[in-house]
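A.B. asks: Provided herewith is a single structure, encoded as structure tokens, for subsequent inquiry.
The values are calculated or read from the model by the stated rules, or taken from the named source; none is laboratory data. The model shown is predicted, which means the values in this text are computed figures rather than measured ones. Cβ coordinates were reconstructed from backbone atoms using ideal geometry, including for glycine residues, and neighbour counts include every protein chain displayed.
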Amino acid sequence: DIHGNLEDLHFFSDNVWRLGMDLTAGNFVFLGDYVDRGMSCLECVAYLLAMKLLLPHKVFLLRGNHETRDVNGWEEHYGERSFIYQCRERFGDDLGFRVWEQTNQVFDRLPLAAVIDQDIFCVHGGIPRPVSAIKNGGSRIQDILSVPKVAGINPPYEHEDEMYQQVASDCIWSDP
């Protein structure tokens, strides 16, 4: 969880990918929660998205619960540390809202999970509860990865399948 903390990204840059991500062995999987709580949400998102664009086969961004509108738009709770507040503060109310919404449209498309070497399951929250209706002879990981894009996680959009919505919600909310 980076949570808008640019100092954490600087620490990683100085200590983990000192020569740059492109020259560092291995790939980088970020598990979500890029915004809220810290004072540099826009900078953190811009940096991570730029790294994803520059190194699409080396940098992987997953969706966490803060990559949802209901959480990163909760200004009453997070105040000046909320993503929506920082967008409006930086760009004004109208443009700030548009920047916030466009960024959330990117977040809507982030994957919920990743599997490394067919062995390591990566997700922000936790392993979802079993959903027997998804079973079609595949493994539990295959079932989870079969979930289509689910934008309305909390609350779900009416047109989205409740079973898939449950799996998606568990992936981002079931923190250990």
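A.B. asks: With the condition being within 17 Å of the chain's Cα centre (by Cα), within 30 Å of Leu23 (Cβ to Cβ) and touching a residue at least 24 places away in the same chain (Cβ under 8 Å), I'd like the strands (runs of 3 or more DSSP E) fully within the range 44-127 carrying at least 3 qualifying residues. Please lay out each step first, then the result.
C.D. replies: Working: elements: 59-61, 113-116, 120-123.
Here the list reads 59-61, 113-116.
A.B. asks: Does the range 67-81 contain at least one residue that is aliphatic (A, V, I, L, M), at pLDDT 95 or above, buried (at least 17 other Cβ atoms within 10 Å of the Cβ) and touching a Phe, Trp or Tyr at 6+ places or on another chain (Cβ under 6 Å)?
C.D. replies: Initially, the range 67-81 is screened for residues aliphatic (A, V, I, L, M), giving 71.
From the residues that got through so far, the ones that are at pLDDT 95 or above too are 71.
So of that shortlist, the ones also buried (at least 17 other Cβ atoms within 10 Å of the Cβ) come out as 71.
Applying the additional criterion that residues be touching a Phe, Trp or Tyr at 6+ places or on another chain (Cβ under 6 Å) yields none.
No, the range 67-81 contains no residue that is aliphatic (A, V, I, L, M), at pLDDT 95 or above, buried (at least 17 other Cβ atoms within 10 Å of the Cβ) and touching a Phe, Trp or Tyr at 6+ places or on another chain (Cβ under 6 Å).
Listed here are the residues, each with its yes/no results for (1) within 24 Å of Leu112 (Cβ to Cβ); (2) assigned by TED's automatic domain parsing to the domain that holds His77; (3) loosely packed, with under 15 Cβ neighbours inside 10 Å.
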site	(1), (2), (3)
Asp8	yes, yes, no
Trp17	no, yes, no
Gly26	yes, yes, yes
Tyr34	yes, yes, no
